[in-house]
Amino acid sequence: MSHGRFQNPVSAAMAGFADHFRKQELADHLTDADHLVGRTCLVTGANRGLGFAIATEFARRGGRVLMACRSDIPGAGERVKELSKSQKVEMLPVDLSDVDAIRAFCAQLKERGETLDVVVLNAGVTPPTSNHTRQGQDRMFAVNYLANVILTRRLLASGVIPNETAGNRARKPPRIIFISSDSHQGASAIDFDEFGSTAPYGVTKAIHNYSYFKLVLNTYATELSRRLNRDGRVDVSVNVICPGPVNTDIIRDAPFLLRLVLRGIFTLVFQPPAKAALPVAFLAAAKEMAGTTNEYLHMFNKKRMDEKCYDARAGALLWQRSMELWSRIDRDLPEDRLPHD
């Protein structure tokens, strides 16, 4: 049976406290010269919290920003414009818990002729108890993992994210960035017997699932990089980052008393979203990160992911099971033409 790293939400929250005191080796490598002028950037879950801060930072650095969100449209976009002093910001509605909505969203980008230079997969949910999507999937699994699989596969297959397999390889490799969590360290190996299954759970299991699904996500990111980039040549950069402990509204659905305790910890201990967005901007804009792939940053430090994420056999099996699951809940899958061993 799968399990995560922490036994309760308070211990999970406090684990980030020590991160404030660790030296950030690459912090001074990000400068105002690292701009995004001329680049189109997609950020999911950009209407609040970290995603909002990332969208604002990208717009401030001159990028054209597409904010993929479910709510607060157009309000969040107008606030990003005001804070960044940029008008190159657009909000696009999408419900990442619904595979039909994801399909329509990706088709819209293709029909508009969009070419994405940076894609930040930030959206996530932390429901305290199990609940299901329209297609019958566990909501946390669907949004935190499966939606990212579907988005990347559709955008790559259509060439909206340029790549050699789609026939429109970019002069400079586009950058895909998965927002993860260092809480994935120590989570169990992927349990393929229960993969994609649903079962009732409460707060404790929800905490386990959050870090476990991050390990699953990191394993997928590694496999995606492995398939896109072969023979020492980088076609698309695929990197993963834990931005550190962030004071966001991710606990909004927690029970009242627990939410009260966690809000105090978040306010006193965690960093503001604007600060947490900076290492993400480094991955997206810094020249020294151009052409890198399968890197993991923990805030401004390079680090190894949990070693299970690099297991090639687990990655290949995860890819297979993810495509099989997707085929059962979606009526129109793109052809899987990415090479594999």
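The values are calculated or read from the model by the stated rules, or taken from the named source; none is laboratory data. From a predicted model like this one, the values you see are computed outputs, not experimental measurements. With ideal geometry, Cβ positions are generated from the backbone for all residues, glycine too; neighbour counts draw on all protein chains shown.
Values for this structure:
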| read-out | value |
| --- | --- |
| Test result for Ser130, buried (at least 20 other Cβ atoms within 10 Å of the Cβ) and either free of Cβ contacts under 8 Å to residues at least 60 places away in the same chain or in contact with an Asp or Glu (Cβ under 8 Å, 6 or more places away or on another chain) (or both) | no |
| Residue under evaluation Ser197, criteria (1) more than 21 Å from the chain's Cα centre (by Cα); (2) buried (at least 22 other Cβ atoms within 10 Å of the Cβ), criterion not met | (2) |
| Residue list for segment 174-209, restricted to those being hydrophobic (A, V, I, L, M, F, W, C) and at pLDDT 90 or above | Ile176, Ile177, Phe178, Ile179, Ala187, Ala189, Ile190, Phe192, Phe195 |
| Only one of Arg226, Arg175 that is basic (Lys, Arg), closer than 21 Å to Ala290 by Cβ and under 13 Å from the mean Cα position of the chain (by Cα) | Arg175 |
| Residue check for Asn148: touching a strand residue (DSSP E or B) at 6+ places or on another chain (Cβ under 7 Å), outside any strand (DSSP E or B) and buried (at least 16 other Cβ atoms within 10 Å of the Cβ) | yes |
| Answer residue from segment 284-305, given it is buried (at least 23 other Cβ atoms within 10 Å of the Cβ) and within 22 Å of Arg171 (Cα to Cα) and is nearest to the chain's Cα centre (by Cα) among those | Ala284 |
| Failed condition for Asp95, given (1) part of a helix (DSSP H, G or I); (2) at pLDDT 95 or above | (1) |
| Residue match in segment 18-40 (condition: among the small types (Gly, Ala, Ser), at pLDDT 95 or above and within 20 Å of Gln108 (Cβ to Cβ)) | no |
| Among (1) more than 27 Å from Gly75 (Cα to Cα); (2) not in a helix (DSSP H, G or I), the one test that Arg153 misses | (2) |
| Condition met for Asp138 (surrounded by fewer than 19 Cβ atoms within 10 Å (Cβ to Cβ) and in contact (Cβ under 8 Å) with a residue 12 or more places away in the chain) | no |
| Count of segment 202-219 residues which are surrounded by fewer than 22 Cβ atoms within 10 Å (Cβ to Cβ) and either closer than 15 Å to Asn122 by Cα or among the hydroxyl-bearing types (Ser, Thr, Tyr) (or both) | 1 |
| Residue pairs meeting the criteria (Cβ under 8 Å; at least 6 apart or on separate chains; first more than 9 Å from Thr219 (Cβ to Cβ), in segment 302-318; second basic (Lys, Arg)) | Ala312/Arg226 |
| Which listed residue is among the hydrophobic types (A, V, I, L, M, F, W, C), in contact with a Leu (Cβ under 8 Å, 6 or more places away or on another chain) and either assigned to a helix (DSSP H, G or I) or at pLDDT below 60 (or both), from Val43, Val10 | Val10 |
| Tabulated pairs, segment 24-40, first among the small types (Gly, Ala, Ser), second exposed (fewer than 10 other Cβ atoms within 10 Å of the Cβ) and modelled with pLDDT under 95, C-beta under 8 angstrom, 6+ apart or interchain | none |
